[in-house]
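Working notes for the structure below.
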Amino acid sequence: MGGPPTCGRAVPTWNPSIVASAPSQTCLDAARVCRIVCASTAIRSVRGPTAGASNVPLMSQRVWHRPVPQVGDPTSAAQRAEDPAGWAFDELTNIAVQEVLQARRDVRRFRPDPVPDHLLMQVLDAGHKAPSVGHSQPWRFVVVRDQASRDRAALLSDRERLRQAELFQGERKSRLLDLQLEGIREAPVGVVVACDRRVPAAGVLGRAGFSDSDMWSCACAIENIWLVARALGLGLGWVTFFRPRDLADLLDIPEGVETLGWLCLGWPDERPPNPGLERSGWSERIPLADVIIEERWPSTGGPAMPVSHLAGPDPKAVVSGRDTGDDRLTVPGSLGVLDVALNRILALNPDAPTSGTLIVAAGDHPVAKHGVSAFSPTVTAEVLAATRSGVSLGAATAAQIGLTVEAVHAVASRTTGDMVDADALHPSDVDDLLAEGEQVGRRLARRGWVSLGEVGIGNTTVGAALACALLGLEPSQAVGLGSAADSAMLRKKISVVSAAVSRATSRYGDELASPKLALAALGGPEIAFLAGVTRGAAMARIPVVLDGLVTSLAALVAVRLDPAIQAALVAGQQSREAAHGQVLTELGLEPILQLRLRSGEGVGACLATQLLFTALASRGGTARVVPLPSNPT
Ligand SMILES: Cc1cc2nc3c(=O)[nH]c(=O)nc-3n(C[C@H](O)[C@H](O)[C@H](O)COP(=O)(O)O)c2cc1C
C-alpha cells in the first residue's frame, strides 16, 4: 500500500485546462472520478509511513477508505474545501457558453426549410431541464405545425400589433408599425409555451409567497430553449403580441392554463449580431453598472425606471382637440372648465365615445377598528351589494346617463395589517391588484369612458395617510371628516394617521414616497386596483373621470408610475376631504364640480361625466363659423 498516486491520468490538483482538449461530459466525469481516486490514494501515502513508525496498535495502522457513493455526489468535504472552484467546467466550455449567450437573438425572419424532429426534441428537452418553483415543472409545450393554425395565430398577432400601436403617438407609432415583430407565418414550427396553473399556489413548494413563480419557471424554460436553439443554429422569436385568451381559444387551452406567447422556430433567414430593436433605434442596451445595486435600493439617485414609450397626445392632437371648440358660434372657452376638459379628451381621441362604465371598487380596511369612521365596516359589503343590484346612490346616478355599472371587491390574497401596527398590504398583492385593475381598465376601455368610484369604511383615513406619504403633507393638513365624522373623530383620525405615517417612515424612510411602497405600507386594496384600472384605460386613450380623494389617489399612483397617464384624466369633482385639493393640484387637474359631496361610490364622477357628455354634444351641435377675411378691402 502507499506510494505516489498511480492513476493513469495523474491529476493531483484539478486543472480545468487539462481536459480542455477533450471537453465531452463523459471525459469530464471520468477525469473527476480519477481525481477523487487519486486524492484518496495520496492521503494513504501520507499516513502510511507515519503510522508504521509508531507503536500504535495494528487496528489504527489500517487505512480506511471513504465510501464513495455510486450515485449522487462522489466528492468529499475535504476535496471541496481544497478546491472550491472545482465544479467549474473547462475554459473552452465556458467560452462557448458566453458565446451562445452573447449571440442569442430574437429572430423574426425564417427560411421555409423544415426543422428535423430530433433537433426539435433537443430544444424542447432543454426547456424541460429548466429550473422550476418547487420542481413543479408547470410548462407544457404545444407544438404547432399546421399551416391553418399558424395563419390564424398570425392574424391575431397582426390585430394586436395594430391595437398596441394605438397606444403610441406620431413617430413612435410609425416606427412600431415599421418593425417586424413576428415570424409566425414563415417559421415552420410554432411552440406555444403554456403554464398549467390549475393547482393553488399554496400547494406548490415556494409558490405561496410568489404566486407567479410558476410563470417565471416557464420563462426559464423558454430561455433554455432559446439558448440551445441558438447553439444549434436555429432561430427563435418570442411573440407576445396576442391577447392571451385569443391564443388559448385558438389551441383549445383550458381555463387555468396560461400561455406565455408563441415561439417561432426555424432556420433563420437573418443572422443579426445585436437586438433588432436596438438596430432600429427603438431602444439601447443599458450599461451593466446601471442595473446593479449594492446592498439596498438607494433613497436618491437610484437606477432609472425602465423607459416607458407611452406618451401623451402629440402637439398636433392637442391643438386639433382645442380647434373643435374654436370654430363655433361662441366665444372660445365659453364652457370654462368643461371646455378645458373636452379639449383634453378630444386630444386623446377625436372620436370621443359617448358611453361608458362606472367602475366601483370596494375595499376593507383593518384600520377601521381604531374608531375612525362613524359607520360599521359591514356597510362596505352592503353598499357593494347595492351597487351590484343597481340601487346604490352611485349606481342610480350612473343609470341616469346610461353608464354600465361594474362593482369589484378588491381583496388582497394575504392577511392585511391595520397600517398603524403593520403594513396594510403585501408588496406582491399591490402588484397583483395593479395588474388585475389594469386588465379591467383595458376591458372597460372598449365600452367607452371609465368613471371611477369606491366604497370602503375607513378609506378616507387610509387616503389621508397615503396623501401624507406621497405629497409629504402633515396629517393635520390631510385628514378630513370622511362621510360623517365629528370633531372628536377627526382628532382620532389625525392621531391614527400620524401613528401610521411615522411607523411607515421609520421603517422605509424617504422610500415611502414611492407609490407602490406607500400602497403596501398604508393601503388600500381598492386604491391599488383603481390605479391599475386608470392605467389600463389611459393606455387605451380613454378618458378616466375621477371622483373623490380615494379615486384621485389611485390616479396619482398611476401617474407616478407612468406620467403620460395624466393626459387621460379628468377631475370630476373636489370633495370635502382636506387632502383632495392638494392631490388634484399635484395631478395638475381642475375639478369640474365642487358640490361638497360626501358620498363616494362614484356619484361625483357620474355627475361630471353627465356634464361632459352634454358639453360634448353641445359643442358638436353649435354652428360652425368661417373666419372673416384677414384684410377686408
Ligand atoms: C417576454 C418576451 C416577450 C417578447 N415578445 C416579443 C414580441 O411579441 N415580438 C417581438 O418581435 N419580440 C418579442 N420579444 C423579443 C424582444 O423584443 C427581444 O428579446 C429584445 O428586443 C432583445 O433582443 P434579443 O433577444 O435579440 O437580444 C420578446 C421577448 C421577451 C423576453
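All of the numbers you see were taken from the coordinates with simple rules; none came from a lab. Keep in mind it's a predicted model, so treat the numbers as computed, not measured. So basically every Cβ, Gly included, is an ideal-geometry build from the backbone, and we count neighbours across all protein chains shown.
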So what is the calculated 222 nm ellipticity per residue for the chain, using -39500 (n - 2.57) for each DSSP H run with n of 4 or more, over all residues, to the nearest 500 deg cm²/dmol?
-> -14000 deg cm²/dmol
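Please list 243-254, 409-420 highest first by mean number of surrounding beta-carbon atoms within 10 Å per residue. Walk me through the numbers on the way to the answer.
On the way: 243-254: 15.2, 409-420: 19.2.
Going by the mean number of other Cβ atoms within 10 Å, highest first, we get 409-420, 243-254.
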With the dipole of the chain defined by +1 on each Lys or Arg Cβ and -1 on each Asp or Glu Cβ, the option from ALA564, TRP449, LEU232 whose Cα lies farthest towards the positive pole is LEU232
The answer for VAL189, listing residues at least 5 apart or on another chain whose modeled amide H is closer than 5 Å to its amide H, is LEU265
Debye, to nearest 20: dipole size of the chain, +1 on Lys, Arg Cβ, -1 on Asp, Glu Cβ = 560
Which ordering of VAL123, VAL626 is given by a fewest-first count of other beta-carbon atoms within 10 Å?
-> VAL626, VAL123
For the chain, with the dipole built from +1 on Lys and Arg beta-carbon atoms and -1 on Asp and Glu ones, taken about the Cα centre, which of SER376, LEU177, PRO591 lies farthest toward the positive end?
-> LEU177
DSSP-defined beta bridges in the chain - what % are antiparallel, rounded to 5 | 50
Proximal charge balance of VAL191 [Cβ under 12 Å; K/R count +1, D/E count -1] = +3
Exposed-site-free run, longest, the chain (rule: GluC sites (Glu not before Pro); DSSP loop; at most 12 other C-beta within 10 Å) = 296-633
Given 514-525, 587-598, 442-453, the highest-first ranking by average Cβ count within 10 Å works out to 514-525, 442-453, 587-598
For region 352-493, give the magnitude of the charge dipole about the Cα centre (Cβ charges: +1 Lys/Arg, -1 Asp/Glu; no others), in debye to the nearest 20.
-> 400
Ranked on Cβ counts within 10 Å of their own Cβ, fewest leading, THR551, THR505 go THR505, THR551
With the dipole of the chain defined by +1 on each Lys or Arg Cβ and -1 on each Asp or Glu Cβ, the option from GLY523, ASN349, ALA396 whose Cα lies farthest towards the positive pole is GLY523
Using DSSP to define loop residues, name the trypsin sites (Lys or Arg not before Pro) in region 276-379 whose beta-carbon has at most 16 other beta-carbon atoms within 10 Å.
-> ARG285, ARG296
Candidate aspartates and glutamates for bridging to LYS492, where Cα separation is under 16 Å - those fewer than 8 sequence places away on the same chain excluded | ASP418, ASP421, GLU474, GLU577
Subset of LYS493/LYS516; LYS129/LYS516; LYS173/LYS316 violating a 26 Å alpha-carbon distance limit = LYS129/LYS516
